[in-house]
Amino acid sequence: MKGKVFLIGDSLEVKFLRDTLKERNLEVHWFSKKEFSKEILSHKLIDVVVFELSYEETFKPELVDEFLKLGFFHLIFLAEKAELERAIEFIKRGAYDFKLLSTPMEILEKAILYVLEEKRIFWEEEVFLTQDPKMIKILKMLEEVAQSKVPVLLVGESGTGKELLSKFIHFKSPRKKGPYVAINCAALPETLLESELFGYEKGAFSGANFRKKGKIELADGGTLLLDEITEMRPQLQSKLLRVLQEGEVDKLGGYHPVKVDVRIVSTTNKDIEKEVLEGNFRRDLYYRINVITVKIPPLRERKEDLEFLSKYFLENFSQLYKKEIKNFSPSAWQFLKSYSFPGNVRELKNMIERAVITAKGEWIEVENLTDPLASTFKAGTEVDKLKIEDFKLKPLFELEKEAILKALEVSKGNKSKAAELLGITVRTLRNKLKLYQEQGILKI
């Protein structure tokens, strides 16, 4: 899970903090004071809220109560000026921290990172958790591979932990003291991806008012993760090939290439060899990035990990949300063991976090695991809750298909909402629907 930070404020300090946190690969949402309303925070899983106070608002510590009613998050206040006793009142009310805007940026950044560490947002990012023999074997192999500089390609379904493994490679390598930089090639349009990867010189294009280092240059001396590399367009693939061949970056608008020493780790959830055959991915680049290729098995093939990770997430989320939950009920265990988890470990984690939040007693019940599939999106419309009987004596494939169809029904065909309910990415949902269509199992 990446840290989710909401920033509310108009000062240059807040905007600079936003850019700094994005460089950390955190999920950052920024709102001006004018466009912000507290409803934005309602019913969302947020880790940190940073709110810039006007001088008049520093006399209203009751604001803390209003914010904390909206969800489970830590609250940090910033102000241009404030009396010490006022700041103390905010802390006493439950704010995590109160700082002046004149505080050095690195201290503001650390305050937020400390919150994330305390909430264990980074717990799974520091260690790849597994008890599965196949995965343990893969980890041992990657530990040896990490000692070299060779590119590594990690292939697997969404949610299997490819990004965690890329961090494992970095921190087990001689480059661990260097930067670790990640970029999602599927999340950015082509023009923006190019400037983010390669950087640009001042005046390179309209709006380029300063010189910017790209992710490749920022990763110099360390590791660069190219997440979902098969989403990269052919033009950028050729530029990336030069980086791998020559160890040089050509900035947009630059006159001379910049030398870099970067270890490339790439990931994809697609059949990359098929992409090469269909002409969507350059063959020469494929040969460069797959010196070492590792296929990550999905959670449904890692039976030893299901119970281990379920209990681990249950313990940590119970502690995080201050709930005394003993275990899963027998029927809840039956549900977990019969479900195929198309979203893999990410879906399992989201499901259990949701269950802990909604659990009323000392046990996690089936309805805590399945209730989001019965959510109401339109006032006055109710959908029957899924029951454990619906899942008995059915193949995993059927269970998966039924869950997807139910989510699409509840979301009125909205794939983004359906994916959110299922705890998977939209891309995973589309891939599943495409597979069903190709096999003639389902007509969409």
Bounding extents of the chain in its principal axis frame from Cα atoms, largest first in Å, are 66, 63, 40
Highest-fluctuation residue, Leu84, Leu113, Leu405 considered, GNM on the chain with Cα pairs under 10 Å: Leu84
In nanometres, what is the gap between the two model label sites at Leu277 and Lys412, each 7 Å from Cα along Cα-to-Cβ? 4.2 nm
The alpha-carbon center of the range 212-277 and that of the range 72-119 are separated, in whole Å, by 38 Å
State the Cα centre-to-centre distance between the range 315-365 and the range 152-192 in whole Å. 28 Å
Taking 10 °C and 1.306 mPa s as the conditions, I'd like the Stokes-Einstein D for the range 125-295 in µm²/s, using the Kirkwood hydrodynamic radius from alpha carbon pairs. 96 µm²/s
Would you kindly state how much longer the chain becomes between Glu39 and Gln319 on full extension, computed as 0.36 nm times their sequence separation minus their alpha carbon distance, in nm to one decimal? 98.1 nm
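Let me check I've understood the local charge: for Arg288, count other residues with C-beta under 14 angstrom from its C-beta, Lys and Arg +1, Asp and Glu -1. What total comes out?
Once positives and negatives cancel, what remains is +4.
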Compute the length gained on full extension between Leu241 and Lys60: take 0.36 nm times their separation in residues and subtract their Cα-Cα distance, giving the result in nm to one decimal. 59.5 nm
Multiplying the sequence separation of Lys134 and Arg211 by 0.36 nm and subtracting their Cα-Cα distance, what value in nm do you get? 23.1 nm
Cβ-based exposure ranking for Lys432, Lys274, Lys176, in which fewest neighbours within 10 Å come first: Lys274, Lys176, Lys432
The range 212-302: radius of gyration and largest Cα-Cα distance (Dmax), Å: 14.4, 51
Nearest 5 is fine: what % of DSSP beta bridges in the chain come out antiparallel, could you say? 10 percent
FRET efficiency for Leu100 and Leu192, using Cβ-Cβ distance with R0 set to 35 Å, rounded to 0.05: 0.55
When the helix-only estimate is applied to the chain (DSSP H runs of n ≥ 4, each -39,500 (n - 2.57), divided by the residue count), what is the mean residue ellipticity at 222 nm, nearest 500 deg cm²/dmol? -12500 deg cm²/dmol
Below 8 Å, C-alpha to C-alpha, sequence gap of six or more: please give me the relative contact order for the chain in percent. 12 percent
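Take every DSSP beta bridge with both residues inside the range 25-109 and express the antiparallel ones as a percent of the total, to the nearest 5.
0 percent
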tail above 24 Å in the computed P(r) of the range 1-104, as % of all Cα-Cα pairs, reads 17 percent
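Read-outs throughout are calculated quantities, based only on the coordinates presented, and are distinct from any laboratory measurement. What you see is a predicted model; the values in this text were computed from it and never measured. Cβ coordinates were reconstructed from backbone atoms using ideal geometry, including for glycine residues, and neighbour counts include every protein chain displayed.
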